[in-house]
Each structure stands twice: as structure tokens, then as C-alpha cells.
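Read the structure below first, then the notes.
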Amino acid sequence: MKKMKIAIDGPASAGKSTIAKKVAETLGYIYLDTGAMYRTLTYAALSNGTDLQNEEALSKLLKGISITFSTAGNESQRVFLNDEDVTESIRSEVVTQKVSLVSSFAKVREEMVARQKKIAHSGGVVMDGRDIGTVVLPDAEVKIFMTASAEERAQRRYKENLAKGMTTSLEELTEDMKLRDHLDSTRAISPLKKAEDAIVLDSTHLDIEEVVERILSIIKERLNPLQTLN
Ligand code: CDP
Ligand code: CDP
């Protein structure tokens, strides 16, 4: 069967990574969390005191580090900065607040996009982020633009954080998320926007399984358009 490329974009906490992971598992595809790559660079820059406004310094830092993913057994994917496991550290509040700045620079994005394209080269990949359908995989067979209301997205992130023992208030989270979405959608280079040929999926009133089912049926349709007409 043809190995496809599947692109999932959308604002923060729309459910992209949860759903992308499940779709990839079902299809036996690779899952690539591109947000984790930008978060890892941000974490690396904060750790070694790189000036976050300095495009050259960030680009040089990125060229010298490896960002890799590993899955052991049934455990969820872990993220490595060189050989340091940064899976939890890259979700900290300080990284979340600075990642949109770091990811706004052309030289950072060029290098990230090159790495992402290389990983997706032979297909069989589900990738989620902000510019996947528009820039990284413009040739993806399936493009989903996943949304949910701002209130629902803030509630989801709030519940997720509480479960992890994080104490940021719902109000603060909502403000941070709005600011990040604004920065991501208005930056000059590769802003978050729906690709012309992407299908919009509003998950406000859908649970995880329902969203996964919808995407799998869209994929099936793409694979075998004639069959679904019968
Ligand atoms: O999971 P969450 O929605 O919090 O965000 P993420 O997917 O981990 O992405 C973190 C940040 O990385 C985003 O807010 C963007 O600033 C940036 N990003 C990007 O610019 N391009 C991508 N393809 C993915 C993420
Ligand atoms: O990757 P992104 O930031 O778009 O979102 P996520 O990290 O996959 O999802 C954020 C939270 O929403 C997670 O705790 C998911 O379990 C939850 N979620 C949900 O409750 N209902 C959905 N339809 C999708 C995600």
C-alpha cells in the first residue's frame, strides 16, 4: 500500500499531537512532533544563555545540536537534545513562553524544515505543527487543519497541566495561549495558516476517538476514492 504523508496543523492545544500519534500508530507510520523540535532549541538556548533575539546565535546553536525522538516499547515518545532526555523540560512554562520568539527567525526555520523534510522523505509519516501543510509537506496527500474554540483549548491544556502537577491558573494559561497563537499566526515567515487544500476539523465537541475516526476515514477516501463512491 502507498505510504502517504499526512500533515496536521492548527493552534495550540487543538489536539494535534494526541491525534497525530494515534493516527500514526494505527497506520504503522512515523509520528513527528515538530513543535517539540522548536521547543528543544528554545530549551537549549535558555540553558546555555544564548540571546533569544539573536538569529545568528540561535542558528549556530541549532546547527551544532541533534534533536532526536525515541519510543521504547509501549511508552510514549521521548525527546533528546544530543543525549539528554528533555521530554519534560521542553514543556516548562518558560520554554512555552519563549518558543514563539525562537521559531520566528528565518534561519531557524530553514534548518528545522530541512531536517523535517529529510525525515518525511520516503513517506509513511504523520507530522504536526504550524507550517506542515503549507511549507514542510506541501505535497502531503492528506492535510488537516485542526481547530477548537479558544475556551475548549485552554480548558484542555489546564486539565493536562493539573494532571502533571503544574499550577498555572486557567486565566494565565488562556492569556499565554492567545499570545502564542497571535505570534504564530502573524509572524512574517511561515505563519500558522490553513493550506488551501487542507480539510478543517473542529474538535470542540469531539472526543479523541471521534477525531481519530474522522481522520482515518478521510485517509481511506484519499487512498481509494472509487471505493467510497460505491
Ligand atoms: O503543543 P503546543 O500546541 O503547545 O505547541 P507545539 O506544537 O509544541 O509548538 C510550540 C511552538 O513551536 C508553537 O507555538 C510555534 O511557535 C512553534 N512551532 C512552529 O513555529 N512551527 C511548527 N511546525 C511547530 C511549532
Ligand atoms: O498538540 P496540541 O497542542 O494541538 O494538543 P494536544 O497536546 O494533543 O492536546 C491537548 C489536550 O487536549 C490533551 O490533554 C488531549 O488529551 C486533549 N484533547 C481532548 O480532550 N479532546 C480532543 N478531541 C483532543 C485533545
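The values are calculated or read from the model by the stated rules, or taken from the named source; none is laboratory data. A quick note: this is a predicted structure, and the numbers were derived from the prediction, not measured. When we count neighbours, we look across all protein chains shown, and the Cβ atoms used for this are built from the backbone with ideal geometry, even at glycine. We work out accessible area using only protein heavy atoms, side chains counted, and drop any ligands, DNA or RNA first. Shrake-Rupley method; radii C 1.70, N 1.55, O 1.52, S 1.80 Å.
Among the listed residues 200, 212, which satisfies the condition of being of a type in the set (A, V, I, L, M), assigned to a helix (DSSP H, G or I) and out of contact with any Pro (no Cβ under 6 Å at 6 or more places or on another chain)? None of the other options fit; the residue is 212.
Restricting the first member to region 112-137 and to residues that are farther than 18 Å from residue 22 by Cα, and the second to residues that are part of a helix (DSSP H, G or I) and open to solvent by 40 Å² or more (accessible area, probe 1.4 Å), the beta-carbon pairs closer than 7 Å and six or more apart or on different chains are 113/135; 136/117.
Of the residues 179, 183, 192, 173, which is in contact with a helix residue (DSSP H, G or I) (Cβ under 6 Å, 6 or more places away or on another chain), more than 25 Å from residue 3 (Cβ to Cβ) and open to solvent by 70 Å² or more (accessible area, probe 1.4 Å)?
Numbers: 179 fails: in contact with a helix residue (DSSP H, G or I) (Cβ under 6 Å, 6 or more places away or on another chain); 192 fails: open to solvent by 70 Å² or more (accessible area, probe 1.4 Å); 173 fails: open to solvent by 70 Å² or more (accessible area, probe 1.4 Å).
So the residue among 179, 183, 192, 173 that is in contact with a helix residue (DSSP H, G or I) (Cβ under 6 Å, 6 or more places away or on another chain), more than 25 Å from residue 3 (Cβ to Cβ) and open to solvent by 70 Å² or more (accessible area, probe 1.4 Å) is 183.
Counting only residues that are in contact with an Asp or Glu (Cβ under 7 Å, 6 or more places away or on another chain) and either aromatic (Phe, Trp, Tyr) or more than 12 Å from ligand 2 (Cβ to nearest atom) (or both), region 7-64 holds 4 of them.
Of the residues making up region 18-25, none is at pLDDT 95 or above, away from ligand 1 (no atom under 12 Å from the Cβ), outside any helix (DSSP H, G or I) and open to solvent by less than 20 Å² (accessible area, probe 1.4 Å). Looking for something away from ligand 2 (no atom under 16 Å from the Cβ), hydrophobic (A, V, I, L, M, F, W, C) and on the phi < 0 side of the Ramachandran plot - is there at least one such residue anywhere in region 144-154? No - not one qualifying residue is present in region 144-154. Could you check how many residues of region 154-170 are modelled with pLDDT under 90 and open to solvent by 80 Å² or more (accessible area, probe 1.4 Å)? Qualifying residue count for the region: 2.
Conditions (1) at pLDDT 95 or above; (2) within 16 Å of ligand 1 (Cβ to nearest atom); (3) of a type in the set (Val, Ile, Thr), marked per residue:
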position: 44; (1), (2), (3): yes, yes, no
position: 49; (1), (2), (3): yes, no, no
position: 60; (1), (2), (3): yes, no, no
position: 72; (1), (2), (3): no, no, no
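Could you identify the single residue in 139, 181 that is in contact with a Pro (Cβ under 9 Å, 6 or more places away or on another chain), more than 14 Å from residue 93 (Cβ to Cβ) and of a type in the set (Asp, Glu)?
After ruling out the rest, the residue left standing is 181.
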